[in-house]
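Report on one structure; see the data block that follows.
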């Protein structure tokens, strides 16, 4: 497969800002940097292989939607690692070789409340 272009929805961008802001406030700047590195590694791994081991089809939420828990990407980050990442990336393959990041949600959230099918980009 050729390299995919990355498209991040406005809501996913907001999710990233919120995640990193909260992480820094709660755990400090060092942990925020580590979580940011994990997010970047996860996005890079999805660009390389959108159906990477650990990813799941989420057609019950929206046709073509997939998810990947950040725990499946910890090995892509050099030490020190985040031991228990708590976020899930929701994404889909778009047109013209594009990987669309729809949302990045905490794994304790009720996903269906935050991913109404009408709000997902086509």
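Read-outs throughout are calculated quantities, based only on the coordinates presented, and are distinct from any laboratory measurement. This is a predicted model, so every value here is computed, not measured. Please note: Cβ atoms are built from the backbone with ideal geometry, for glycine as well, and neighbour counts cover all protein chains shown.
Considering all alpha-carbon pairs of segment 1-98, what whole percent are spaced by more than 22 angstrom?
Result for the distance tail: 29 percent.
Going by how many other beta carbons lie within 10 Å of each one, how would you line up 8, 31, 102, fewest first?
31, 8, 102
By count of other Cβ within 10 Å, fewest leading, how are 44, 78 ordered?
78, 44
How far is helix 29-48 tilted off the main Cα axis of the chain, in degrees rounded to 10, range 0 to 90?
Once rounded, the angle reads 30 degrees.
According to a simple spin-label model (label point 7 Å from Cα along Cα-to-Cβ), what is the distance in nm between residue 96 and residue 31?
Here the modelled spin labels are 4.1 nm apart.
Using the 10 angstrom Cβ neighbour count as an exposure proxy, how do 48, 60, 24, 100 rank, fewest first?
Sorted ascending by nearby Cβ count, the order is 60, 48, 24, 100.
Quick check: the angle from helix 10-27's long axis to the longest principal axis of the chain, C-alpha only, nearest 10 degrees?
Taking the Cα atoms of the chain, the angle to 10-27 is about 20 degrees.
So what does log10 I(q)/I(0) come out to for segment 33-81 at q = 0.26 Å⁻¹, using the Debye formula with one equal point on every Cα and no solvent?
-0.94
As a test, work out the antiparallel percent of DSSP beta bridges whose residues both lie in the chain, rounded to the nearest 5.
75 percent
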